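Asks: One structure follows; several queries about it will come next.
Bear in mind that the values in this text are calculations on the coordinates, not laboratory data. Computed from a prediction, not measured in an experiment: that's the story for all the values here. We place every Cβ from the backbone using ideal geometry, glycine too, and count neighbours over all the protein chains shown.
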Amino acid sequence: MNQPSVSMNDTGLKNDLLIRACQGQPTPRTPVWMMRQAGRYLPEYQAVRAKADFLAMCRTPELATEVTLQPVDIIGVDAAIIFSDILVVPEAMGMKVTFHDGVGPVFDHPIDGPREIQALEPVVVEEKLGYVLEALEMTKRALDGRVPLIGFAGAPWTIAGYMVEGRSSKTFAKVKAMRYTRPDLLHQLLDRLSHVVSDFLLAQIDAGADVVQLFDSWAGMLTPDDFRVFSLPYLKKIVDRVSVTGVPIIVFARNAGHSFTELSQIGAQVLSVSWSEELAAAKAAVQGRVVLQGNLDPCALLGPIDSLRQEVIAVLDCMGHNPSHIFNLGHGILPNTPVDHARALIDIVKEESVRYHG
Ligand code: CP3
């Protein structure tokens, strides 16, 4: 069943499966999109990227719009996610960041102590991050209601991690050292970030985002007790402020399954489950309080299509009969994913999920 839901509805969307699933309403099939779906696995992305560096693409609304639409046009996902990055927030606070092939993001002057935190600039979102808002507006117009548009931001803990580490890190040892030596400073930083992130998400909603997702990709670097002190309360603050809009909020706290019960009570509508966690356990922890999103292993896309189908069915066997579920990967799609397989995944979910829905 490739034709999504109904015709136009009160959201003005031709395909509102994602919105309905976020609200816990039944859908005729499971909506599907992929984290990092606008990216290097697509030759069409590579072609744009060959002409512009990554941050320039983020800052040029025409280019951001073009690559945001690519997975909608090429592989048929049920939602677009705006092309940007979680690190535009520290950049807006005055921390220069560059992206290097094979290395990832690198900050010129990582946060080392109170001085750098003091020096962070206040952010008027419309001034410093207006280019993201423009990209959302432009994408929304170009989509013309075909599918919902997802806005996003990093969670305070994950952004703080990059700001203190200065680059990707296997251990997060610097920011965790700060947690043990100067927890007050870390809280100060997390608090600053939670204000900026809330303002940013509210502005994204104003600019047309139909759903927003918070990426706490490094939640699993905290001990379960620390997650509840250094991440959860800040996620809740953001959700509290953004909830007034009525726009659905998805929280992806990667590898924080230990706290799904608590996470299901902060007011977000959807929890995204990482591939290393069991959907059945997540389902038991949240007791129907939130909708679950996930959680196919991105590496399943690297195997043959027959086995991909079996993996999709395993996810649907666990979740398909729930009134609502959002199919996604358990983390971002990998750059070496064959495009045929990405397209096959979307087709398989569309086909197979129909028989789970009444
Ligand atoms: O999902 C989408 O398609 C929207 C775009 C998007 C990007 N980054 C584009 C991007 C989103 C939602 C993100 C979020 C993001 N950025 C996260 C959270 C999600 C996750 O994967 O855990 C994180 C941790 C970042 C920070 C970041 N950005 C890193 C560590 C890197 C380097 C590693 C890598 O994947 O290259 C980036 C760069 C980045 N962000 C690219 C893209 C398409 C690759 C840039 C390029 O073309 O060279």
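Asks: Which of the pairs 14/350; 51/170; 14/140 have their Cα atoms more than 19 Å apart in this structure?
Replies: Listed pairs above 19 Å: 51/170.
Asks: Please sort 166-177, 324-335, 145-156, 23-34 by packing, taking for each peptide the average over its residues of neighbouring beta carbons within 10 angstrom, highest first. Kindly include the intermediate steps, with their values, before the conclusion.
Replies: Numbers: 166-177: 15.3, 324-335: 22.7, 145-156: 24.3, 23-34: 20.7.
Those peptides, ordered most packed to least, come out 145-156, 324-335, 23-34, 166-177.
Asks: Can you say what percent of the DSSP beta bridges in the chain, counting only those with both residues inside, are antiparallel? Round to 5.
Replies: Of those bridges, close to 15 percent are antiparallel.
Asks: Right, here's the next one. How would you rank 337-347, 94-104, highest first, on the average number of other Cβ atoms within 10 Å across their residues?
Replies: Ranking the peptides 337-347, 94-104 by packing returns 337-347, 94-104.
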